[in-house]
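Student: First, the structure itself, so that you have it in front of you.
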Amino acid sequence: MKLVKVAAAVVNQTPLDWQGNCDRILAAIEEANLNEASILCLPELCITGYGCEDAFLSADMQHTALAILQKIAPHTRDMFVTLGLPMPYRGVLYNVVAVLADGEIAGFVPKQNLAGDGIHYEPRWFKPWPEGLRAEVEIEGRSYPFGDLVFRIDDALIGLEICEDAWVADRPGSRQARIGVDIILNPSASHFAFGKHEIRQRFVLEGSRAFHTSYVYANLLGNEAGRAIYDGDAMIASGGRMLTVGPRLSFHAYLVTTAVIDLDLTRMYRARSDAFRPDYQGTLQPVVRVPFTLPEIEPEPSHFERATWETGSDVKQEEFTRAVALGLYDYLRKSHSRGYVVSLSGGADSAATALLCSLSLRMAAEELGFGALKESLPFIPAAKEAESIEALVTATLDCVYQATRNSGETTLQAAKQVAAAIHANFHHFHIDRLVELYTELGAQALGRPLTWATDDIALQNIQARTRSPSVWLLANLRGSLLLSTSNRSEAAVGYATMDGDTSGGLCPIAGIDKAFLRLWLSWMETTGPAGFGATPELNAINVQAPTAELRPQESKQTDEDDLMPYDLLDAIERAAIRDKQSPLETYRQMLAQLPQYDEQQLAVWIERFFKLWSRNQWKRERYAPSFHLDDENLDPKTWCRFPILSGGFERELAEMWRAMRGEEEG
């Protein structure tokens, strides 16, 4: 046996938080050292933070990152450590992993495959490094190897795949395997999305099997820069077998996961594999020899055990709850806000938002401990005096019900029940007189009374907008973070009032569709996340038909009457926006997927969707930042771009109607 203890560290970093980022890296190195790990993999760009955006291009920022690296290096005595930072070479910037060994810088490996799709914009700042190229960089008069490198410590060969490198068909690991690499380290910054962990797990396992290596994967953790949430995946596999995994979606500042690997075992797998073909030319690939001796260690049992919440039938509901709760908690503390404010209407969206705020604090307290949670929120004065998690939630979360004459007793009582169940501080504002004053101004400008028959949209919108100043006032008085509550289905068709219910600094549920949100609320009513249980009081929300409650009550307004059934809306959105299908293609898809709907009515709804989508791009451009949760995101700043002004699919919709009627194109 040739045993080596390896470690993957996940860290919750913040862009340009030099001291905090450095402290967490050093703490992770120290813990790995105390656990007697010889090799440690830290995440991609963990010195600066991954989400620095155009700040990457600052020369001062690049110099500071290198200075932090030099500060960290002496703390790696008796260890081989990899960690990420941006580095220039000949006037061009690269996404680089620095290799530290026994207190010294051993070399630098730039990323070969950049992430440039979805929410990633790496090619805006970095260049991809060419395969097989080696160079030298000079730092303070000393030269270091820089390029497509592998490292030899003792008799072990170590290679690197940096995040996206492992997601492409021609993986660097496949070339490294042919020259006999024993260990591949993967420092990553891979954002959370539903089901994405399973994909990562597959390429870690397959890499370790097909490459006859041990594979160490370390991801970032938490809400780093505002929109993207990182789940902190840490995985160690060997020869196609998962040895250990770390906790996901943790509230800790950092976590270290370790395992003992057997180099002789993976070498034996390689030797007996008829499919393995060594690349003798590849032995010319630059190998950096590091003067480092791996200690002899005793075997340790490996364990591959997932958290309870990851093994049940409700993984998507659990992931949604824990990802958004973690995102909210990190956003609260990193923005130095003093609490959350939610305009609680008594409907599904605002109830979900408020519930997630409460869960963000409860989950943090459960994992960190109540005392540590309070210490992590120094900008919330009342947190210091709180003697229970319930008291802390009350001090942190304000919910406001703002009534007009069109508000009903049902929604008021539902809002009260939910606020009480989650221990929020509840306020009941009456804004009808303010609405009347604005309405009188409109009537004065037009020289006639405003009526529902002639001024429907304006009269609805003024109620939603009148709610905004008072809830902003409360947020300002508290120094709190105002959350808006629009979901993705509403964003797709612009079913929201700008400067009204869209008001807020963050919109935590804008990345999720209404159909799933209603399913999640029903699950929260009866089941809830493992370890936290159900919230039965949500029944008062779940029994209602979703409504904006802006028209007179006798109109019996509902969202689905205004728009279309939400299951259909979400299906059209996926076909039209995610899959980029034309109105006619979307129509054919809907006929097959949802045959219960009348063909003529389907065409009407599809036309409504495409017209509303086109007309309301300007609203999506102005929505508060939201969390990225899947590949159906509509955020135009990070995922789904569309022109503000367009032809509105007129030609394509006409084609759909002709096909539906069986007419030939004229």
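The values are calculated or read from the model by the stated rules, or taken from the named source; none is laboratory data. Since we're looking at a predicted model, the values are computed, not measured. Methodologically, a virtual Cβ is constructed for each residue, glycine included, from the backbone with ideal geometry; neighbour enumeration extends over all protein chains shown. The accessibility values were calculated without ligands, DNA or RNA, using every heavy atom of the protein model including side chains. Shrake-Rupley method; radii C 1.70, N 1.55, O 1.52, S 1.80 Å.
Student: Being at pLDDT 95 or above and in a loop (DSSP other than H, G, I, E, B) is the filter here, so list the residues in the range 192-210 that pass it.
Tutor: PHE192, ALA193, PHE194
Student: Among the candidates SER376, SER360, SER388, single out the residue that is buried (at least 21 other Cβ atoms within 10 Å of the Cβ) and not aliphatic (A, V, I, L, M). Break it down into steps so the answer makes sense when it comes.
Tutor: Working: SER376 fails: buried (at least 21 other Cβ atoms within 10 Å of the Cβ); SER388 fails: buried (at least 21 other Cβ atoms within 10 Å of the Cβ).
Result of the check over SER376, SER360, SER388: SER360.
Student: In the range 38-58, what residues are of a type in the set (Phe, Trp, Tyr) and open to solvent by 10 Å² or more (accessible area, probe 1.4 Å)? Spell out the reasoning first.
Tutor: Our first condition is that a residue be of a type in the set (Phe, Trp, Tyr); within the range 38-58, this holds for 50, 56.
Within the range 38-58, TYR50 is the sole residue that qualifies.
Student: Given the conditions (1) small (Gly, Ala, Ser); (2) open to solvent by less than 10 Å² (accessible area, probe 1.4 Å); (3) outside any loop (DSSP other than H, G, I, E, B); (4) farther than 22 Å from PHE627 by Cα, and given that ALA395 satisfies all but one, which numbered condition is not satisfied?
Tutor: Unmet for ALA395, out of (1) small (Gly, Ala, Ser); (2) open to solvent by less than 10 Å² (accessible area, probe 1.4 Å); (3) outside any loop (DSSP other than H, G, I, E, B); (4) farther than 22 Å from PHE627 by Cα: (2).
Student: Have a look at ILE572, ILE644, ILE577 and point out the one that is open to solvent by 60 Å² or more (accessible area, probe 1.4 Å) and of a type in the set (Val, Ile, Thr). First the steps, then the outcome.
Tutor: Values: ILE572 fails: open to solvent by 60 Å² or more (accessible area, probe 1.4 Å); ILE577 fails: open to solvent by 60 Å² or more (accessible area, probe 1.4 Å).
ILE644 is the lone residue from the list that is open to solvent by 60 Å² or more (accessible area, probe 1.4 Å) and of a type in the set (Val, Ile, Thr).
Student: Could you please find all residues in the range 228-245 being within 20 Å of PHE192 (Cα to Cα), of a type in the set (Gly, Ala, Ser) and open to solvent by less than 10 Å² (accessible area, probe 1.4 Å)?
Tutor: Of everything in the range 228-245, those that are within 20 Å of PHE192 (Cα to Cα), of a type in the set (Gly, Ala, Ser) and open to solvent by less than 10 Å² (accessible area, probe 1.4 Å) turn out to be GLY232, ALA234.
Student: Note down all Cβ pairs under 7 Å where the first residue falls in the range 254-272 and is in a helix (DSSP H, G or I), the second is surrounded by 16 or more Cβ atoms within 10 Å (Cβ to Cβ) and of a type in the set (Phe, Trp, Tyr), and they're at least six residues apart or on different chains.
Tutor: Filtered contacts from the range 254-272: no entries.
Student: Residue check: is ASP570 under 21 Å from TRP613 (Cβ atoms) and free of Cβ contacts under 8 Å to residues at least 12 places away in the same chain? Break it down into steps so the answer makes sense when it comes.
Tutor: Working: under 21 Å from TRP613 (Cβ atoms): yes; free of Cβ contacts under 8 Å to residues at least 12 places away in the same chain: no.
Here the answer is no, as ASP570 does not meet what is asked.
Student: Same structure, new question: Quick check: anything in the range 131-151 open to solvent by 30 Å² or more (accessible area, probe 1.4 Å) and within 30 Å of HIS628 (Cβ to Cβ)? Let's see the steps before the verdict.
Tutor: Here is the first cut: in the range 131-151, the ones open to solvent by 30 Å² or more (accessible area, probe 1.4 Å) are 131-134, 136, 138, 140-143.
Restricting the remaining residues to those that are within 30 Å of HIS628 (Cβ to Cβ) gives none.
No: zero hits.
Student: SER337 is checked against (1) touching a strand residue (DSSP E or B) at 6+ places or on another chain (Cβ under 7 Å); (2) within 22 Å of GLN463 (Cα to Cα); (3) at pLDDT 95 or above and fails just one. What number does that condition carry?
Tutor: Result: SER337 passes all but (2).
Student: Restricting to the range 406-464, give me the number of residues that are in contact with a Lys or Arg (Cβ under 7 Å, 6 or more places away or on another chain) and part of a helix (DSSP H, G or I).
Tutor: Residues in the range 406-464 being in contact with a Lys or Arg (Cβ under 7 Å, 6 or more places away or on another chain) and part of a helix (DSSP H, G or I): 2 in total.
Student: Only one of GLU310, GLU319, GLU298 is open to solvent by 40 Å² or more (accessible area, probe 1.4 Å), touching a residue at least 24 places away in the same chain (Cβ under 8 Å) and not small (Gly, Ala, Ser); which? Can you show your working first?
Tutor: Details: GLU310 fails: open to solvent by 40 Å² or more (accessible area, probe 1.4 Å); GLU319 fails: open to solvent by 40 Å² or more (accessible area, probe 1.4 Å).
It is GLU298.
Student: Something else: Give me the residue from the range 525-565 that is within 20 Å of LEU344 (Cα to Cα) and small (Gly, Ala, Ser) and, out of that set, least open to solvent (accessible area, probe 1.4 Å).
Tutor: Across the range 525-565, the extreme among qualifying residues is ALA540.
Student: Test GLN444 against the criterion of being without any contact (Cβ under 8 Å) to a residue 24 or more places away in the chain and not hydrophobic (A, V, I, L, M, F, W, C), and give yes or no. Walk me through it before giving the result.
Tutor: Values: without any contact (Cβ under 8 Å) to a residue 24 or more places away in the chain: yes; not hydrophobic (A, V, I, L, M, F, W, C): yes.
Taking the combined requirement at face value, the residue satisfies it.
Student: Limited to the range 86-128, what total is found for residues that are part of a strand (DSSP E or B) and either free of Cβ contacts under 8 Å to residues at least 60 places away in the same chain or of a type in the set (A, V, I, L, M) (or both)?
Tutor: 19
Student: Sticking with this one: I'm trying to understand the selection: among the residues of the range 519-551, which are at pLDDT 95 or above and charged (D, E, K, R)?
Tutor: Those that are at pLDDT 95 or above and charged (D, E, K, R): GLU525, GLU537.
Student: So, LYS619, is that one closer than 30 Å to GLY505 by Cα and open to solvent by 40 Å² or more (accessible area, probe 1.4 Å) or not? Don't jump to the end; show me each part of the working.
Tutor: Numbers: closer than 30 Å to GLY505 by Cα: yes; open to solvent by 40 Å² or more (accessible area, probe 1.4 Å): no.
Against the criterion (closer than 30 Å to GLY505 by Cα and open to solvent by 40 Å² or more (accessible area, probe 1.4 Å)), LYS619 does not qualify.
Student: All but one of (1) crowded, with 24+ Cβ neighbours inside 10 Å; (2) at negative phi hold for CYS163; state the number of the condition that does not hold.
Tutor: Failed condition: (2).
Student: Continuing with this model, one more query. Taking the range 175-203 as the region of interest, how many residues are under 22 Å from GLU131 (Cβ atoms) and hydrophobic (A, V, I, L, M, F, W, C)?
Tutor: Adding up the residues that qualify gives 8.
Student: For the subset of the range 190-221 comprising residues that are of a type in the set (Lys, Arg) and over 18 Å from ARG267 (Cα atoms), which member is surrounded by the fewest Cβ atoms within 10 Å (Cβ to Cβ)? I'd like the intermediate steps shown before the answer.
Tutor: From the range 190-221, those of a type in the set (Lys, Arg) are 196, 200, 202, 209; that's our starting set.
Of the ones still in play, those that are also over 18 Å from ARG267 (Cα atoms) are 196, 200, 202.
Working: LYS196: 16, ARG200: 19, ARG202: 10.
In this case the residue turns out to be ARG202.
Student: OK, next. So is PRO74 part of a loop (DSSP other than H, G, I, E, B), modelled with pLDDT of 95 or more, open to solvent by 10 Å² or more (accessible area, probe 1.4 Å) and more than 28 Å from GLY511 (Cβ to Cβ) or not? Give the steps one after another, and end with the answer.
Tutor: On the way: part of a loop (DSSP other than H, G, I, E, B): no; modelled with pLDDT of 95 or more: yes; open to solvent by 10 Å² or more (accessible area, probe 1.4 Å): yes; more than 28 Å from GLY511 (Cβ to Cβ): yes.
Here the answer is no, as PRO74 does not meet what is asked.
Student: Going through the range 97-126 one residue at a time, which ones are of a type in the set (Lys, Arg) and either touching a Cys at 6+ places or on another chain (Cβ under 6 Å) or closer than 16 Å to VAL168 by Cβ (or both)? Reasoning before the result, please.
Tutor: From the range 97-126, those of a type in the set (Lys, Arg) are 111, 124; that's our starting set.
The one that is of a type in the set (Lys, Arg) and either touching a Cys at 6+ places or on another chain (Cβ under 6 Å) or closer than 16 Å to VAL168 by Cβ (or both): LYS111.
Student: Give the residue, chosen from MET61, MET1, that is assigned to a helix (DSSP H, G or I), surrounded by fewer than 23 Cβ atoms within 10 Å (Cβ to Cβ) and among the hydrophobic types (A, V, I, L, M, F, W, C). Outline the logic, then answer.
Tutor: On the way: MET1 fails: assigned to a helix (DSSP H, G or I).
Exactly one of MET61, MET1 is assigned to a helix (DSSP H, G or I), surrounded by fewer than 23 Cβ atoms within 10 Å (Cβ to Cβ) and among the hydrophobic types (A, V, I, L, M, F, W, C), namely MET61.
Student: Out of (1) assigned to a helix (DSSP H, G or I); (2) within 18 Å of GLN413 (Cβ to Cβ), the odd one out for ALA491 is which?
Tutor: Checking ALA491 against (1) assigned to a helix (DSSP H, G or I); (2) within 18 Å of GLN413 (Cβ to Cβ), the one that fails is (2).
Student: With the range 538-625 as the region, which helices (runs of 4 or more DSSP H) entirely inside it contain at least 1 residues that are over 30 Å from ILE229 (Cβ atoms) and polar (S, T, N, Q)? Full working, then the answer.
Tutor: Details: elements: 539-542, 559-562, 566-573, 583-593, 599-615, 617-622.
So the answer is 583-593, 599-615.
Student: Which residue is least open to solvent (accessible area, probe 1.4 Å), if the candidates are limited to the range 437-464 and must be among the charged types (D, E, K, R) and at pLDDT 95 or above? Steps first, please.
Tutor: Residues of the range 437-464 that are among the charged types (D, E, K, R), as a first pass: 440, 448, 455-456.
Add one more test, that the residue is at pLDDT 95 or above, and what stays is 440, 448, 455.
On the way: GLU440: 97, ARG448: 91, ASP455: 19 Å².
Here the answer is ASP455.
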